[in-house]
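The values are calculated or read from the model by the stated rules, or taken from the named source; none is laboratory data. What you see is a predicted model; the values in this text were computed from it and never measured. Cβ atoms come from the backbone with ideal geometry, glycine included; neighbour counts cover every protein chain shown. We work out accessible area using only protein heavy atoms, side chains counted, and drop any ligands, DNA or RNA first. Shrake-Rupley method; radii C 1.70, N 1.55, O 1.52, S 1.80 Å.
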Amino acid sequence: MVTSSELATRSGGVWQNQAATVRATPNRIEHPTTVAELVAAVRNASLSGANIRPVGAGLSMTGLAAGNDVLIDLAKLRGLVSIDRRAGTATFLGGTSVDEAATILEAERLSIIGAPAIGSATLAGAMSTGAHGYAPREASFSANVAGISLVTPDGRLLKIDDRHNTQLWPAARLSLGALGVIAEVTVRIRDYVELRTNRKRRDIERLVRDLGEARAKLDFYRVDWRPHTDTAMLTVGWLEATAPAALPAASSSRRERGRRRDRIRARVARALPFLAPAIDAVANRLEPLGDEGVRAARDVHDGGEPLPFVEYQFPIAKAGNVVTALREFVHGNRAMAAADVRLTLVAADEVWLSPAYGRDVIAVMVRVPTADAAALVDLEDLFIWLGGLPSWGGFHTLTGAEAAYVMPRFSDFSSIRHDLDPYERMQNETLHRLLG
Ligand SMILES: Cc1cc2nc3c(=O)[nH]c(=O)nc-3n(C[C@H](O)[C@H](O)[C@H](O)COP(=O)(O)OP(=O)(O)OC[C@H]3O[C@@H](n4cnc5c(N)ncnc54)[C@H](O)[C@@H]3O)c2cc1C
């Protein structure tokens, strides 16, 4: 994996996220390898009056290190700290990626509860943005984490969970990097169980009708949909103690082929948007979207960089309205000619900044080629109007006033932020837009 530090070094001190949507020229980049080094880095930055900008794998689209202060790159703060089988938890350094943690645990026949779907994200980054997985009855990663240690903006190391500094816990579970730097993440674990998956084509309207049943019965749920067509690819799965029959992983040549075809589809659809429905119908037949090879090609795309995306989360009862509105939005819209959509289900939680706070949701992710990223702003307006809340890892332009209007615990989060960071050492453009 290309780490954020490598990206920064390669471009001569200019740091950018992996989708190249955020750039920064920090005065200094710190690469702590231990918690003690992290505490010292934060304390020194704070004493010198600099702003502090933590980064993980740099997968998020907004809200990163867009400023000129001290960038703290967690890429080298990685690895297992301990496993506590009795408590059902495992603690990792914050820069450990989701995949690394899963591999370490798998060797012990254990797995993470509420694991995020994106394996290259760091545990701390996934927690800071409320990343979620594909298990329809599981809440987000933030809701499932058992505890963290946090270096506060003034350089104190705090343990935060439901027994230590509990007043901070509902805010610290999803903090957008506003409360300090996460040094360690304690995940909840369970015995490892194989996932058996299956793919089918389904009419999108039928899928929407069957959401309740899917949620009740499945352990894995993902819909990939080209929104100019009626047909989507549904991937479902069940955890089974004795069934190691998961789908084979895509070979790199299949992935490359999928990537190439997908690029051609995007180019033709953008050049001839009125043909998008026909192009997508052909693409559906040639290459079902749920195909592992195509999915991998699409997730890491445009020369290996992730595609810009917006993901909003809606109460499940609104799914039909959202799908209808999305179809109307993409119809004849040149910037949406090559869009694709992913639908997942996420269970309700009590995390203050979570888009699933108090409600089971459907997460609707829309990806477009980089050249069409500007169109995501209009799409976001539509999603806000439809009553959605953003997944914080994607593009978002929500303002503090809007967030306060629709998120019941937003002001509680703001006051915890004020307590922990009165001098706004963690400030960045996105936090300024959201929290002032
Ligand atoms: C191709 C792609 C697919 C994706 N799929 C999914 C998906 O299926 N489900 C989903 O939920 N999300 C998904 N995402 C979004 C993704 O989950 C988030 O972007 C990711 O979790 C962020 O992890 P990161 O390590 O890249 O963090 P970064 O992007 O580096 O940082 C994210 C935020 O966390 C803060 N942060 C990072 N590290 C720390 C730390 N140690 N302490 C405090 N704050 C910190 C940063 O300041 C920033 O605000 C996807 C993103 C991409 C690009």
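Computed from backbone phi with θ = phi - 60° and the Karplus coefficients 6.51, -1.76 and 1.60, the 3J(HN,Hα) list for region 353-370 is 9, 6, x, 9, 4, x, 8, 5, 10, 10, 9, 10, 9, 10, 10, 9, x, 3 Hz; x is used for glycine and proline. Nonpolar atom fraction for region 331-423, defined as the carbon and sulfur part of the 1.4 Å probe accessible area, stands at 56 percent. The label-point distance for residue 87 and residue 278, in a model that sets each label 7 Å from Cα toward Cβ, rounds to 6.2 nm. Averaging the Cα positions of each part gives two centres, and for region 30-93 and region 319-390 these lie 30 Å apart.
For region 35-178, the extents of the C-alpha atoms along the principal axes are 46, 32, 27 Å, listed from largest to smallest.
Volume per residue of the convex hull around the Cα atoms, evaluated for region 339-436, comes out as 105 Å³. Computed from label points 7 Å out along Cα-Cβ, the spacing between residue 385 and residue 166 is 4.5 nm. Take the chain with all the other protein chains still there, run a 1.4 Å probe, and you get 41 Å² of accessible area per residue. Label zone (residue 318, point 7 Å along Cα-to-C-beta; backbone nitrogen cut-off 18 Å) within region 401-434: 401-410. Full extension of the chain between residue 188 and residue 432 yields a length gain of 84.6 nm, computed as 0.36 nm times the residue separation minus the alpha carbon distance. GNM remark for the chain: springs join alpha carbons under 10 Å apart, and the peak mean-square fluctuation among 18, 313, 167 falls on 167. Applying 0.36 nm per residue to the separation of residue 213 and residue 401 and subtracting their alpha-carbon distance, the gain on full extension is 64.1 nm.
Using the Kirkwood radius over C-alpha pairs as Rh, can you work out the diffusion coefficient of the chain via Stokes-Einstein at 25 °C, viscosity 0.890 mPa s, in µm² per second?
The estimated diffusion coefficient comes to 112 µm²/s.
Taking label points 7 Å from Cα along the Cα-to-Cβ direction, residue 325 and residue 350 give a separation of 3.0 nm. Placing R0 at 60 angstrom, the Cβ-Cβ distance between residue 47 and residue 271 gives a FRET efficiency of 0.60 after rounding to 0.05. Phi angles across region 156-169 convert, under the Karplus curve 6.51 cos²θ - 1.76 cosθ + 1.60 with θ = phi - 60°, into 3J(HN,Hα) values of 8, 9, 10, 8, 10, 7, 7, 10, 10, 6, 4, 5, 8, 4 Hz, Gly and Pro given as x.
So what is the relative contact order of region 95-176, in percent, for Cα pairs below 8 Å that sit 6 or more residues apart?
Values: 115 pairs, mean separation 19.6, N = 82.
About 24 percent, as a whole number.
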